[in-house]
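> Sharing a structure with you now.
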Amino acid sequence: MAASINRIGQVLAKSPWRINIRYSSATGFPYYVLIPEVPRDTPENNSLLRTKELPKFSEITLKKIITGCAKQALEYETNVFKHIGEISDSKKVKSFESLFHPIEEYYVPMNFALSTASCRCLVSQDEAYMKALIRVSNQVSGAKNERWLNQQLHSAVKEVQANRANLTEFQKRLVDLYALEGRLNGVELQFKEHSKFMKLLNVLMKERKDFSQKVEICKGFFIQSIEDFSVIQGMPKVYLMEMAADKGNPYRGPWNLTFRDKGLYKSFLQTCSSRHIRWNAWQAYNNLSSHLYASQYLNNQKSLDDIRSFRMQIARMLGYENFAQMSMETKMAGSVDNVVNMLESLRLALYPLAQEELGSLNDFARNAGLNEDIQMWDVAYYGLGQNEHLYRINHSDVAAYFPMDKVLDGLFKLCNRLFGISFKKHSPTPDVWAEGVEVFDVMDSDGSYCGSIYMDLLRRPTGKRNECWVESGRDRSDIIGTTPISYIFASFEPSMIPRRPALMNYQDVNTLFQLMGYALQQVLTKVPYSEIAGQRNIEWDALHVCSQFMKHWLNYPKFVQQISGHHETGKQLSDLMVEKLIKSSKPLPAFNKMHELYLSAYDMAAHSSKEHWNELMQQVWEKYMPIELHKEDNHPCSFTEIISDNLSAAYYSFTWSEMLAADVFEAFQDVGLENDEMISQLGKSFKDTFLSLGGGVPAGEVFRRFRGRDPSVDALKKVYGVK
């Protein structure tokens, strides 16, 4: 389920150019449906409207994106509100089918149009396309989210919910989703309370937007110019290109560090050999929008506590003690206590290990010439240096053993071994957005078609984002007969040498396996309703289980060896090199995890308490971090993930998913990873639960069906070296 409170503000922005059509309800009270002029696009002239076909991307122009998405959003809004008016007749008996099937028939085409348009825009990065995407996203989101504010729909949903004994498991899940979303959007509040509630939402929406904008403005102010290449010679080429004034020659200065790309900043802290320059970048980043370095107009100190206060008020109006408790309505954890207990259990187990790692890192740094204790701006740099010293891996040489085709073949074979599925290149070759994009049809063990996965894996010189992510392209819907589509995007380094395949470093291989986990959950779903199929409606703290499960196979040395093969000789990596690769892929595991636990604990405390943000920071830091908090560290003032974005009282979610995945993978380890018969049985069970059920069944129940019990944190502790 989505975190409703973080997006209901979108429904407050109304679309222009509307005319009013007056209807009368069964109660005799009139209501209005506001209808704009509908674009004249048809399935014949706009690929976005051909919902059951694979998109023809060469036909998707800027104009088609704007008019196609607008048409679907307007038709959805008009038809759904007309449907709600008709079904609100108190004399009509409401069934699941009569209420939800018409909504599904309008929802799926609209969502497909937006998802396809989003793919087209994100791979172009053209300013006009990005502006168009923002425009149509707001319009579609507004159309979808208005239903949560509709009291007539909520009443109809409650009527169907009251007769839940006659519903299937998936139907109950969809009905419960609608009922919860309505309640969290304040539909059950009395008129005066509801009016106050909506005003608070308006204020909260503005404060969140202002918070983000202040951070972005402050990021734009920072530029660190570097003239000496030796200071940054260890940076990956892709980031050198981003920093270089001469994009055609990344090894020619000057180079400018900015904060627009978080990955670049992190890589800079890892590789910059000048401690003074590292400090300058670190202190600027950790004081974005703080009172130390921002004017009163860009200072987020007051905004931070105001946003927390508004969230607290909203939660209490809905009957919760605080926002963190309210957030648990859409999480598998179910309660703040369960989250805190998990964090505390990991803290107690990992803190001594983090102390040991920090002590060892201090020794290494002193031997390297540092005359004082490690500080936060030193950790990444010396951590990488220590890792290179311990394992002495030449990552360029290792990449020669991971040609992309070989890795993909190994990934496909693993999926076949575990889940009985196969990957077949789509024929004829579909109309895609760029050369090199491949489309695979995923076939089940009985030869039936499950869905399609688009793979756009290589970096391009211009346009494409330098990131890795997965997008849902189309959802399964048995009501209108659509099958799933998933898009996998990455920016792996292409080959610059003719007839040589693209080579992947070990981090790239890990990333690809994680991306496939998300895509498989989208295309292998058996849930018949689009709003709860695939990854939709999965509790946030269970969203990364399949991704992390796939990654676990790369901790198994024999499997890593099997997917390796030198691009010239076919020779596999040696046992020793595989062991070093796996160990070196996790530098400072306990220390880095403790920092993530700190951020999660701070998030929960900030949304459970009224205490000042700075005092909370100091308390939680002292408890979780074995390194001193610097007096000029004010990172919460730019902690957009939990303050202005959608991870408020949810930052712990990745760790919870990590816990579930470790527990799941331990079941495979327990039967023996070479035991083909048992692995096949467990793989089928994983497919029938996590991959098939998705958001159609509560995540806790999905886990219990696979494991036969509730999750334990013990397996995750073992992953981090706790004995």
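> For helix 262-271, report the angle its Cα long axis makes with the longest principal axis of the Cα atoms of the chain; keep it between 0 and 90° and round to the nearest 10°.
Here the helix axis deviates by roughly 10 degrees.
> Output the relative contact order of region 172-254, whole-number percent, from Cα pairs under 8 angstrom with separation of 6+ residues.
16
> What does the net charge come to around M317 if you take all other residues with beta carbon closer than 14 Å to its beta carbon, with K and R at +1 and D and E at -1?
Here the charged neighbours net out to +3.
> Cα-Cα over 27 Å: which of K144/K192; K425/K687; K56/K464; K262/K464; K92/K331; K464/K551?
As for pairs spanning more than 27 Å Cα to Cα, those are K92/K331.
> Turning to a different aspect of this structure: Rounded to two decimals, what ratio of Rg to Rh does the chain give with C-alpha atoms and a Kirkwood Rh?
For the chain, the value is 0.95.
> Right, another one. Is the shape of region 590-663 rounded, prolate or oblate, going by the alpha carbon gyration tensor and its root eigenvalues a ≥ b ≥ c, with a/c under 1.5 for rounded and a/b larger than b/c for prolate?
Oblate is the answer for region 590-663, as a/c is 1.5 or above yet b/c matches or exceeds a/b.
> Taking the alpha-carbon centroid of each part, what is the distance from region 681-710 to region 116-187 in angstrom?
25
> Nearest 10 degrees, 0 to 90: what angle lies between the long axis of helix 62-87 and the longest principal axis of the chain (Cα atoms)?
50
> Per 0.36 nm of contour for each residue apart, how much would the distance between H291 and E611 grow if the chain were fully extended, relative to their Cα-Cα spacing?
In short, 113.4 nm is gained.
> Just report the Cα centroid separation between region 274-353 and region 367-418, whole Å.
Each part's Cα centre sits 30 Å from the other's.
> Picking from P501, T569, V523, whose Cα lies most toward the positive end of the charge dipole for region 492-597 (charges on Cβ: Lys, Arg +1; Asp, Glu -1)?
Looking along the dipole axis, the top candidate is T569.
> Oh, and also: With an 8 Å Cα cut-off and a minimum separation of 6 or more residues, compute the relative contact order for region 365-500 in percent.
14
> Okay, next question. Carbon and sulfur atoms: what percent of the 1.4 Å accessible area of region 372-450 do they account for?
Its accessible area is 46 percent carbon and sulfur atoms.
> Can you give the helix-only mean residue ellipticity at 222 nm for the chain, where every DSSP H stretch with n ≥ 4 adds -39500 (n - 2.57) and the sum goes over all residues, rounded to the nearest 500 deg cm²/dmol?
-16500 deg cm²/dmol
> Right, something else. Measure nothing but the geometry: give the 0 to 90° angle between the long axis through the Cα atoms of 275-285 and the longest principal axis through the Cα atoms of the chain, rounded to 10°.
Compared with the principal axis, the helix lies near 10 degrees.
> Which whole-Hz ³J(HN,Hα) couplings does region 132-141 yield from phi under the Karplus relation 6.51 cos²θ - 1.76 cosθ + 1.60, θ = phi - 60°, glycine and proline marked x?
Couplings: 5, 5, 4, 4, 6, 4, 4, 5, 5, 4 Hz.
> Charges on Cβ only, +1 for Lys and Arg, -1 for Asp and Glu, centred on the Cα centroid of the chain; of S303, N466, I582, which one is farthest towards the dipole's positive end?
Selected residue: S303.
> Also, quick follow-up: Rounded if a/c is under 1.5, else prolate if a/b is larger than b/c, else oblate: which is region 591-723, with a ≥ b ≥ c the root eigenvalues of its Cα gyration tensor?
In terms of gyration-tensor shape, prolate.
> Also, I was wondering about something else. Specify which residue in the list M678, L361, T689 is farthest towards the positive end of the charge dipole of the chain, using unit charges on the beta carbon of Lys, Arg (+1) and Asp, Glu (-1), about the Cα centre.
The listed residue farthest towards the positive side: T689.
> Looking at region 190-228, which trypsin sites (Lys or Arg not before Pro) are in a loop (DSSP not H, G, I, E or B) and have at most 12 other Cβ atoms within 10 Å?
none
> Hey, another quick one. I need to check one value: relative contact order of the chain, counting alpha carbon pairs closer than 8 Å and at least 6 residues apart, in percent.
It comes to 15 percent, rounded to a whole number.
> Quick one: the Cα spread of region 514-640 along its three principal axes, in angstroms, biggest first?
In descending order, the Cα extents are 60, 47, 20 Å.
> Let me ask something else. Please give the charge dipole size of the chain, origin at the Cα centre, charges +1 on K and R Cβ atoms and -1 on D and E Cβ atoms. Round to the nearest 20 debye.
Its charge dipole is roughly 1380 debye.
> Can you list which of the chymotrypsin sites (Phe, Trp or Tyr not before Pro) found in region 282-386 are DSSP loop residues with at most 14 other C-beta atoms within 10 Å?
Y297
> For region 146-220, rounded, prolate or oblate, judged on the Cα gyration tensor with a ≥ b ≥ c (square roots of eigenvalues), a/c < 1.5 rounded, else prolate if a/b > b/c?
Cα axes put region 146-220 in the oblate bin.
The values are calculated or read from the model by the stated rules, or taken from the named source; none is laboratory data. Nothing here was measured: the structure is a model prediction, and the numbers come from that model. Cβ sites come from the backbone with ideal geometry, for glycine too, and all protein chains shown count toward neighbours. Accessible surface areas use protein heavy atoms only, side chains included; no ligands, DNA or RNA. Shrake-Rupley method; radii C 1.70, N 1.55, O 1.52, S 1.80 Å.
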